[in-house]
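A short write-up of the structure that comes next.
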Protein chains: 2
Amino acid sequence: MRPVAVLGIGQTVIDEHWDKSLREIAGEAAFAAIQDAAVEHPEALFVGNMLSPLIGGQNQLGTFIADWVGMWRAEAVKIEAACGSGAAAFRQGLIAVASGEIETALVVGVEKMTDKAGHDVTAALATAADADYELEQGISFVGLNALIMRRYMYEFGWKHADFAPFSINAHANAMHNPYARLHDKITLDQFEKSSMVATPINLLDASPIGDGAAAVILVPAEKVSSMPGRPRICVAGSASATDTIAIHSRKDPLFLSAAYQSSRRAYEMAGVGREDIDFFELHDAFSIMSALSLEACGYAERGQGPRLGLDNEIRINGGKLPICTRGGLKARGHPVGATGMYQIVEVVQQLRGECGRGQVDGARIGMAQNIGGSGATILTHILKAE
Amino acid sequence: MRPVAVLGIGQTVIDEHWDKSLREIAGEAAFAAIQDAAVEHPEALFVGNMLSPLIGGQNQLGTFIADWVGMWRAEAVKIEAACGSGAAAFRQGLIAVASGEIETALVVGVEKMTDKAGHDVTAALATAADADYELEQGISFVGLNALIMRRYMYEFGWKHADFAPFSINAHANAMHNPYARLHDKITLDQFEKSSMVATPINLLDASPIGDGAAAVILVPAEKVSSMPGRPRICVAGSASATDTIAIHSRKDPLFLSAAYQSSRRAYEMAGVGREDIDFFELHDAFSIMSALSLEACGYAERGQGPRLGLDNEIRINGGKLPICTRGGLKARGHPVGATGMYQIVEVVQQLRGECGRGQVDGARIGMAQNIGGSGATILTHILKAE
């Protein structure tokens, strides 16, 4: 396979976009990426989306968006892997360009979630879990994550407040991201007193949904030159791995084995060690997921993920491994099928040095990890500035 | 890209499988393909499916099926392009193997449609069309196709009975396919007197839905040798193209431009002309689609598609271009997201010479064409026996 570069990026503000349709927000991100890349006619479109059939009554989103952005006749397809749909679409676009089949690919992650009532969205999100054996019990998706968090706290002796640094860090970082859904700094006191959602997960452990789209243009790296003030951004590592769909089928429900697998493959492909990663956009859909992701990727011993937050190792300023540098799912927001693409776009922003007060100084290698379901599908990508 | 071979195939009977779950029928086809290929651990799974979120309440079908068939840790993803989902998944698996990223890929097309009432299925199928501008008018998917057929009959002067040979041929061929949903020969009289669905489309113009799954194993061609009685089957041509999602946006709603584009690219890639194709598994969801597909692929002049049927050119015995040799969508059945994979499996069966009384004599090059929506996404694949 030939090396692939991210030539352009685009994203919309994550919000309740009641005045815009799904195709409009997808188009906004796509046109921004096309303009940023200064390309004219991408040959193929890869769309990541989870909920459009259920919430928008719309399938065939590849062609639907290709039509809207004027990519007539182009190849187009939709990829779905629950909340991992964004990175899954990115990986298919990456392989298509790396293979030589496609010269210029547009990848768009898009989700429009706020057009329906909350209980409808909760039911739609639950389709990420096992319908026959998990949902059959009446559990919701946040409920599944709550069971994991409760067990983790019991096994390893953490209290709820120990997870606070993950959310506080994410909210602090989102202050400098104009595309983020939330711009409120939060305190430990607020974290502890927030409304309960599903014990022990409260509102400030959980990421907000939203409407949004993020997009990139992928081209063969050989066609891109570094320019002054704008390095060439290459995809150095890409891997996808799976675990059982139902949590109860896992030997160890407190270990993200698909994060372990995909991160190790990505490190190997990129020729780096975990210590070489300058920052990490992880999938903090719930605060417990931050801890589990850090452990599986080799940054903390089993059961010790929260320690990194408590020791200030995850902050942009002074931390050994800044995470969620643009706000993470927690504060940038979690438009589910778009989230993996927001992470990629944010890694590119950091590697270009475009993050202003939220910039990770000297960032050269960034990692993004996108999770579908409660650890069932996990994709890890490593990007390098050259 | 390196050449890719289809090493194994598997399929289930298409029926109302009320006694089996989606994962069970997917597993049945997958295990059959794995056994046929005599491989042990496919590295990656590509699933084509359209309706599982809407009918089964299940998303993330890549991982869901990988888990069921024991592909723990393997990469897995779902691809959706409405009724073109099967071939779209095949093409993603093909590119992944061709690129060198994957050595052994399992591709499964699966659909479970009969668990809900007919009006729910009709509503779910309509998500292939444009929700904002077509469905908003209250039209169904068959309704859209009926508008196309009515206009075609008006423009080119055909009467309804002129489309009968497409259905009669499909039903006759399905008699020799044990996996087909229907095994009833039909006559012109039955065709003309069948119940109306949406004028002018009656029950015998329309393909039946059903539950089913079809699967293949893809490997690099260099790893496969021809054996006595079992040639090596290579993917010689693969292309995907799109048109506008809504029919009213097309300059000419009676021409499948995405079939034209994707067939021309596939001919070029395979280094063949249309006259080299020994048989053609086309997407006869409705009889009008057979005519339009034959025209767009270069086998008939504009407006003259029905002529091929009337002149007996589409039959297995004696026709210049046998079509729907295993029954087509019309009689083999149309489990929507699985259909494109059934077509690929059937092409392989013909090229291997495994079709018994339904065999196309001396078949060396076969073509399959899968359509998403009413012509919005069209994939064409050409396979060769070597």
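No value in this document is a laboratory result; all are computed from the given coordinates. None of the values given here were measured: they were computed from a predicted structure. Glycine gets a Cβ as well: all are built from the backbone with ideal geometry, and neighbour counts include every protein chain shown.
Annotations
- Over the protein assembly as shown - Rg/Rh using Cα atoms and the Kirkwood inverse-distance radius: 0.98
- Segment residue A:35-residue A:199, extension gain: residue separation times 0.36 nm, minus the distance between their alpha carbons: 54.5 nm
- Histogram of C-alpha separations across region A:233-293, 10 Å bin width, %: 20, 49, 27, 5
- Long pairs among B:20/B:320; A:112/A:159; A:193/B:78; A:159/A:320, criterion Cα-Cα beyond 29 Å: B:20/B:320; A:112/A:159; A:193/B:78
- Chymotrypsin sites (Phe, Trp or Tyr not before Pro) within region B:1-99: DSSP coil, no more than 12 neighbouring Cβ in 10 Å: B:18
- Label-to-label distances for residue A:73 across copies, nearest first, come out at 4.6 nm, using points 7 Å from Cα in the beta-carbon direction.
- Taken over region A:171-324, the alpha-carbon convex hull comes to 168 cubic angstrom per residue.
- Amide H partners (placed H, <5 Å) of residue A:74, local residues excluded: B:242
- At 0.692 mPa s and 37 °C, Stokes D of region A:258-386 from Kirkwood alpha-carbon radius, µm² per second: 229
- Share, in percent, of DSSP beta bridges within chain B that are antiparallel, nearest 5: 70
- Bridge type composition, the protein assembly as shown - antiparallel percent by DSSP, nearest 5: 70
- Share, in percent, of DSSP beta bridges within region B:241-386 that are antiparallel, nearest 5: 70
- Among A:246, A:98, A:161, residue whose mean-square fluctuation peaks in a GNM of chain A (springs only between Cα atoms under 10 Å): A:161
- When peptides B:204-211, A:343-350 are sorted by average Cβ neighbour count within 10 Å, with the highest value leading, the order is A:343-350, B:204-211.
- Using the Cβ-Cβ distance between residue A:24 and residue B:230 with R0 = 51 Å, the FRET efficiency computed as 1/(1 + (r/R0)^6) comes to roughly 0.45.
- Exam field: residue A:178 pseudo-label spacings to other copies (7 Å along Cα-Cβ), nanometres: 6.6
- Those lysines that a straight Cα-Cα span of less than 17 Å connects to residue B:384, excepting residues fewer than 8 apart in one chain: B:223
- Cα-based radius of gyration of region B:100-236 once divided by 2.2 N^0.38 Å, which approximates compact folds: 1.40
- Placing unit charges on the Cβ atoms of the charged side chains and taking the dipole of region B:270-311 about its Cα centre, the candidate lying farthest along the positive direction among B:277, B:299, B:289 is B:289.
- Here region A:235-265 and region B:308-386 have alpha carbon centers that stand 39 Å from each other.
- Global form of region A:155-211, assessed from the alpha-carbon gyration tensor, a/c cut-off 1.5: prolate
- Note on chain B: with a GNM built from Cα contacts shorter than 10 Å, the maximum mean-square fluctuation among B:318, B:358, B:237 falls on B:318.
- Other protein chain C-beta atoms within 10 Å of residue C-beta, averaged over A:17-26: 1.
- Counting Lys and Arg as +1 and Asp and Glu as -1 over every other residue whose Cβ lies under 10 Å from the Cβ of residue B:168, the net charge comes to +3.
- For the peptide A:46-56, the mean number of other protein chain Cβ atoms found within 10 angstrom of a residue's Cβ is 3.
- Of all beta-carbon atoms in chain A, the one sitting closest to the axis that brings chain A onto chain B gives A:99, 2, with the distance in whole angstrom.
- Computed [θ] at 222 nm, helices only, for chain B once each DSSP H run of length n ≥ 4 contributes -39500 (n - 2.57): -10000 deg cm²/dmol
- Binning the alpha carbon pair distances of chain B at 10 angstrom intervals from zero yields the distribution 5, 27, 37, 24, 7, 0, expressed in whole percent.
- Qualifying GluC sites (Glu not before Pro) for region B:69-141 [loop in DSSP, other Cβ within 10 Å: at most 16]: B:103
- Other protein chain Cβ atoms within 10 Å, averaged over every residue that makes up A:374-383: 2
- Across A:303, A:333, A:157, mean-square fluctuation computed from a Gaussian network of chain A (C-alpha pairs under 10 Å connected) peaks at A:157.
- Remark: label point of residue A:227 defined 7 Å out from Cα along the Cα-Cβ vector; separations to the same position in other copies 5.7 nm, ascending.
- Calculated P(r) of region A:159-248 - Cα pairs past 17 Å, %: 69
- Gyration tensor verdict on region B:83-172 (Cα atoms; rounded if a/c is under 1.5, prolate if a/b is larger than b/c, oblate otherwise): prolate
- Among the trypsin sites (Lys or Arg not before Pro) within region B:204-300, those in coil by DSSP and having at most 13 neighbouring Cβ atoms inside 10 Å are B:251.
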